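What follows is a set of notes on a single structure, which appears directly below.
The values are calculated or read from the model by the stated rules, or taken from the named source; none is laboratory data. Keep in mind that what you see is a predicted model, and the values were worked out from it rather than measured. Virtual Cβ from ideal backbone geometry, glycine too; neighbours counted across all protein chains shown.
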Amino acid sequence: MKKLFYIIVFSVLAPLIVSAQTIDSQLLENCKKELADISAKKVAIHDIAFNTDGHWLILYGDIGYSYSYIPTPLENMLSKLNSAGTSIDKALLLSDTSWVLLYDGKEFTSQSLPTDLSTDIAAAQKKQKNFRCVAYNNSCRLTVFGTNGFIAKGIPQKMAAKLAQLNQKKVSIRESAFYGSDGWVLLYGRNGMAFQNLPDDIVPVLQKCSKNGTPVNLVRFYGNKWVVVYDGYKVETNI
């Protein structure tokens, strides 16, 4: 049974003249507090999205969400889905005006996405398979659907080879994220992972999970900051 969760909106009160770094720091601190609260309630965290200004959106439970700021059309869509009890699955925020929301397994809505990424998502939807994740970073893009299907362009060579291997062996591809200009992470199977060129301080966290057989559910980046969600609702972060 789907349950309703409170929708929490954070606003940042600050002087009119304040550095972008200070704003980012406050936004990230609010995100950290919200993640800690959700984790304490042992509610599954499905996605965390950051835009270029440091604003964030967290999707949790079946239909729960909280955010610092999101565009009005996205806010309206989330409210509509929440009221209807429709599962809210994944989100990608590229800017205050460019975003995509995946919901109800294989549905999506978006605004001002890069044409190539929008085309990939639409192509995956036509295959009538559930969306797994969408990742985008500069010239790199990846859409994963079904069990291990994917559409990718411009991704690092080792990542492409790993995706092809997983697809050929029919291993489920669960999640992905890009970091910086050439960093990436893939989550697959029950607790499998592959990564390259990630921040030094996140590597021990991922290695510990791998050694303990702990499933990592999600990895997200904002600049040199990162969040790891494991065991469904537990969180490690350097925010």
* Residue check: is Val227 buried (at least 18 other Cβ atoms within 10 Å of the Cβ), of a type in the set (Val, Ile, Thr) and touching a strand residue (DSSP E or B) at 6+ places or on another chain (Cβ under 8 Å)? -> yes
* **Residue ID - modelled with the highest pLDDT, chosen from residues in the stretch 105-137 that are over 16 Å from the mean Cα position of the chain (by Cα) and at positive phi** => Ser112
* Mind checking which residues of the stretch 112-144 are closer than 20 Å to Thr86 by Cα and of a type in the set (S, T, N, Q)? -> Gln125, Gln128, Asn130
* Across the stretch 44-62, which residue is modelled with the highest pLDDT among those that are in contact with an Asp or Glu (Cβ under 9 Å, 6 or more places away or on another chain) and part of a loop (DSSP other than H, G, I, E, B)? -> Ala44
* Asked: Can you pull out the residues in the stretch 79-100 that are among the β-branched types (Val, Ile, Thr) and surrounded by fewer than 19 Cβ atoms within 10 Å (Cβ to Cβ)?
  -> Thr86, Thr97
* To do: Look at the stretch 176-190 and say how many of its residues are in contact with a Cys (Cβ under 7 Å, 6 or more places away or on another chain) and either small (Gly, Ala, Ser) or modelled with pLDDT under 95 (or both).
  => 1
* To do: Within the stretch 59-76, count every residue that is touching a Gly at 6+ places or on another chain (Cβ under 9 Å) and surrounded by fewer than 23 Cβ atoms within 10 Å (Cβ to Cβ).
  => 2
* Structure fact -> Selection from the stretch 70-85 of residues part of a loop (DSSP other than H, G, I, E, B) and free of Cβ contacts under 8 Å to residues at least 40 places away in the same chain yields Ile70
* Asked: Which residues, counting only those in the stretch 71-104, are in contact with a helix residue (DSSP H, G or I) (Cβ under 9 Å, 6 or more places away or on another chain) and on the phi > 0 side of the Ramachandran plot?
  -> Asp104
* For the stretch 173-194, does any single residue satisfy the condition of being of a type outside the set (A, V, I, L, M), under 30 Å from Lys80 (Cβ atoms), outside any strand (DSSP E or B) and outside the structural domain of Ala49 (by TED's automatic domain parsing)? -> no
* Which residue pairs have Cβ atoms closer than 9 Å, lie 6 or more positions apart in sequence or on different chains, and pair a first residue in the stretch 126-150 that is closer than 14 Å to Leu187 by Cβ with a second residue that is surrounded by fewer than 19 Cβ atoms within 10 Å (Cβ to Cβ) and of a type in the set (Ser, Thr, Tyr)? -> Arg132/Thr147; Arg132/Ser172; Thr147/Ser172; Asn148/Ser172
* Evaluate the following for Val219: is it over 14 Å from Phe178 (Cβ atoms) and either in a helix (DSSP H, G or I) or β-branched (Val, Ile, Thr) (or both)? => no
* **When residues of the stretch 179-213 are limited to those that are under 21 Å from Thr147 (Cα atoms), in contact with a helix residue (DSSP H, G or I) (Cβ under 9 Å, 6 or more places away or on another chain) and of a type outside the set (A, V, I, L, M), the one surrounded by the fewest Cβ atoms within 10 Å (Cβ to Cβ)** => Gly189
* Mind listing just one residue for me: the one in the stretch 101-117 that is in contact with a Lys or Arg (Cβ under 7 Å, 6 or more places away or on another chain) and over 19 Å from Leu57 (Cα atoms) and, of those, surrounded by the most Cβ atoms within 10 Å (Cβ to Cβ)? => Leu117
* Can you give me the number of residues within the stretch 118-171 that are charged (D, E, K, R), surrounded by 16 or more Cβ atoms within 10 Å (Cβ to Cβ) and in a strand (DSSP E or B)? => 2
